[in-house]
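Remarks on the structure that follows.
The values are calculated or read from the model by the stated rules, or taken from the named source; none is laboratory data. Nothing here was measured: the structure is a model prediction, and the numbers come from that model. Quick reminder, even Gly has a Cβ in these numbers, built from the backbone with ideal geometry, and neighbours come from all protein chains shown. These accessible areas exclude ligands, DNA and RNA; they are computed on the full protein's heavy atoms, side chains included. Shrake-Rupley method; radii C 1.70, N 1.55, O 1.52, S 1.80 Å.
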Amino acid sequence: MRLGLVVTPSSTPRALMRLISSMLAVSIKNSMSRSRPCVCWPLPFSQASGEAGSPESAMTNPEIKVLDKGFVRVIDHMGSDLSVVNAARVSFGKQKEAFDEGDAKLVAYLAEHEHTSPFRHTALTLHVKAPIFVFRQWMKHRIGSEFNEISGRYVEFPEDEFFVPATFRRQAKVNKQGSEGEIDQANGPRAMESYLESCRGAVAHYKELLSLGVCREQARCVLPVALYSEVYWTVSLQAVAHFIRLRADGHAQWEIQQYAAAVRQVVEPIYPVGLKALLADRKG
Ligand SMILES: Cc1cc2nc3c(=O)[nH]c(=O)nc-3n(C[C@H](O)[C@H](O)[C@H](O)COP(=O)(O)OP(=O)(O)OC[C@H]3O[C@@H](n4cnc5c(N)ncnc54)[C@H](O)[C@@H]3O)c2cc1C
């Protein structure tokens with residue numbers, strides 16, 4: 001990112017830091033407020049416009065829309081199914097240029113026998129917009145994962161950027177942390193009113209605190225976990241398969257299941273054989 005700084009001999013280090021901070025804040029704010037068209041994933045990466053992994057692909061890769069305002073989008077990726085087998089083959093001093101049926105068997109063997117290190121010679125960076133309560137669960141996936149998140153200390157959160165569910169589920173009877181079905185139809189409208197009043201009220205208080213001169217880092221403390229945030233997530237193929245296995249499962253919260261499905265949709269075209277092998281063997 002070019003900041004266009006003008007440094008004069010009288011610039012003190014502290015003044016420079018203040019200048020960089022304010023320019024960074026403007027840049028983050030602009031990127032947050034930019035409207036992005038949400039479209040369904042049309043083609044595997046190899047057929048999409050812009051070579052996958054190239055700087056242009058980060059601009060042209062479409063978002064997969066998730067929940068009411070979220071998305072998952074590929075920013076960059078490294079390696080392929082071939083990188084996995086070549087990482088394994090270096091053990092006996094061999095390397096291949098093209099992936100064939102024998103390689104698919106080797107990938108399946110590696111996954112089945114937990115020879116997992118070759119799957120880690122890969123990396124994928126996703127840009128994700130999700131509610132904070134989803135990221136609380138997502139960020140428990142620490143191994144082979146790196147996160148960078150938009151900062152409420154730099155950025156003022158926009159209004160109405162909180163998750164609104166389409167329906168309200170009941171507490172599950174058996175799975176103590178889960179949910180099932182829907183609440184009584186008669187209670188639906190009042191539940192929605194209550195939910196919206198609470199979120200909008202919190203945002204109104206946040207704005208009021210800012211207008212009273214309270215700093216962003218304190219004012220944000222009143223905001224709800226339904227608020228959307230944005231994250232860059234970089235993971236290895238092994239780590240992303242582990243995430244999909246746990247979070248696309250019916251025991252995970254429905255909302256994060258939707259993200260796990262979207263993540264799977266973008267990962268599959270990049271590492272089709274490796275992902276299938278890791279998920280089939282319940283390893284990752
Ligand atoms: C349905 C569901 C319900 C959950 N409920 C809760 C909850 O109520 N409260 C809560 O706090 N969390 C909860 N979690 C989060 C869960 O405990 C895990 O933290 C999360 O799923 C990430 O999985 P992980 O630890 O395997 O991932 P990672 O942290 O990415 O670890 C990947 C793998 O690395 C290995 N590993 C990681 N750390 C170590 C270590 N210290 N030593 C040795 N090996 C290690 C393990 O094999 C691990 O599977 C829940 C998860 C799910 C899927």
Answer yes or no: is there a residue in region 268-284 that is more than 30 Å from ALA202 (Cα to Cα), hydroxyl-bearing (Ser, Thr, Tyr), crowded, with 20+ Cβ neighbours inside 10 Å and assigned by TED's automatic domain parsing to the domain that holds ASN61.
-> yes
Out of (1) over 17 Å from GLY70 (Cα atoms); (2) modelled with pLDDT of 95 or more, the odd one out for GLN177 is which?
-> (2)
Without any contact (Cβ under 8 Å) to a residue 60 or more places away in the chain and either of a type in the set (A, V, I, L, M) or in contact with a helix residue (DSSP H, G or I) (Cβ under 8 Å, 6 or more places away or on another chain) (or both): does that describe VAL231?
-> no
Does region 224-239 contain at least one residue that is farther than 23 Å from TYR259 by Cβ and either of a type in the set (Val, Ile, Thr) or not assigned by TED's automatic domain parsing to the domain that holds PHE147 (or both)?
-> no
Residues of region 228-254 satisfying the condition of being open to solvent by less than 10 Å² (accessible area, probe 1.4 Å), in a strand (DSSP E or B) and under 14 Å from GLY79 (Cα atoms) = VAL235
Just one of the numbered conditions (1) open to solvent by less than 100 Å² (accessible area, probe 1.4 Å); (2) away from the ligand (no atom under 16 Å from the Cβ); (3) farther than 30 Å from GLU208 by Cβ is not true of SER179; which one?
-> (2)
Looking at ALA219, ALA172, which one is over 20 Å from LEU67 (Cβ atoms), within 16 Å of the ligand (Cβ to nearest atom) and open to solvent by less than 30 Å² (accessible area, probe 1.4 Å)?
-> ALA172
Test: GLN257 is open to solvent by 10 Å² or more (accessible area, probe 1.4 Å) and under 13 Å from GLN137 (Cα atoms) = yes
Check region 195-203 and report whether any residue there is open to solvent by 30 Å² or more (accessible area, probe 1.4 Å), over 25 Å from the mean Cα position of the chain (by Cα) and over 26 Å from GLN258 (Cα atoms).
-> no
All positions within region 61-115 that are over 21 Å from ALA280 (Cα atoms), of a type in the set (D, E, K, R) and either open to solvent by less than 70 Å² (accessible area, probe 1.4 Å) or part of a helix (DSSP H, G or I) (or both) | GLU63, ASP68, LYS69, ARG73, ASP76, ARG89, LYS96
Give the number of residues within region 247-260 that are within 26 Å of PHE99 (Cβ to Cβ) and without any contact (Cβ under 8 Å) to a residue 12 or more places away in the chain.
-> 0
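Kindly indicate whether VAL263 is in a helix (DSSP H, G or I) and either in contact (Cβ under 8 Å) with a residue 40 or more places away in the chain or within 16 Å of the ligand (Cβ to nearest atom) (or both). Step through it out loud before you land on a result.
Numbers: in a helix (DSSP H, G or I): yes; either in contact (Cβ under 8 Å) with a residue 40 or more places away in the chain or within 16 Å of the ligand (Cβ to nearest atom) (or both): yes.
So VAL263 passes the test.
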Please find, within region 139-157, the residue that is farthest from the chain's Cα centre (by Cα) out of those that are more than 12 Å from the ligand (Cβ to nearest atom) and surrounded by fewer than 13 Cβ atoms within 10 Å (Cβ to Cβ).
-> ARG153
Which one of these is within 12 Å of the ligand (Cβ to nearest atom) and not charged (D, E, K, R): HIS251, HIS205?
-> HIS251
